[in-house]
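See below for the structure under consideration.
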Amino acid sequence: MDENCLFCKIIKGEIPSDKLYEDDDVLAFWDIAPQTPKHFLVIPKKHFARPCDMEEEDEQLMGKVLRIGAQIAREQGVGDHYRVVINNGKEAGQIIFHAHVHILGGKTLTSLI
């Protein structure tokens, strides 16, 4: 954990969140500034700042993050139609430097490419 990290503080319960899921490895909660009708974050409880900072041992954990995101999307009525966004670094739009996944859905999304 990083004592200055916003998401680490949420994990520790120091900052409240609207939780959707929690276990020993992963926490999911609604985004406080949603970009779509259904927008939530799934974060590993292990702190690493950016996806590029992952170690080989983190591969299974990040796979679980994606699987839990899909499970929550189904539970929240989004089904199989959602966007997964992972920002890596400031120039890519990362604001909170604790690796995390955005799940966005609940409306038709246009292509980014």
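Laid out as a table, the results:
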quantity: Average silhouette area of the chain, convex hull of alpha-carbon atoms, in square nanometres; calculated: 7.3
quantity: Of the GluC sites (Glu not before Pro) in the range 19-63, those whose Cβ has at most 11 other Cβ within 10 Å and which sit in DSSP loop; calculated: Glu55
quantity: Rough spin-label spacing in nm, given labels placed 7 Å along Cα→Cβ, for Lys90 and Glu3; calculated: 2.4
quantity: Inter-site label distance for Lys19 and Ala33 at 7 Å from Cα along Cβ, in nm; calculated: 2.5
quantity: Cβ-based exposure ranking for Ile68, Ile86, Ile15, in which fewest neighbours within 10 Å come first; calculated: Ile15, Ile86, Ile68
quantity: Helix 59-75 axis, angle to the chain major axis (alpha carbon atoms, nearest 10°); calculated: 40
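Where a number appears in this text, it was derived from the coordinates with a stated rule and is not lab data. Note that the coordinates shown come from a computational prediction; the quantities given were computed from them, not determined experimentally. Virtual Cβ from ideal backbone geometry, glycine too; neighbours counted across all protein chains shown.
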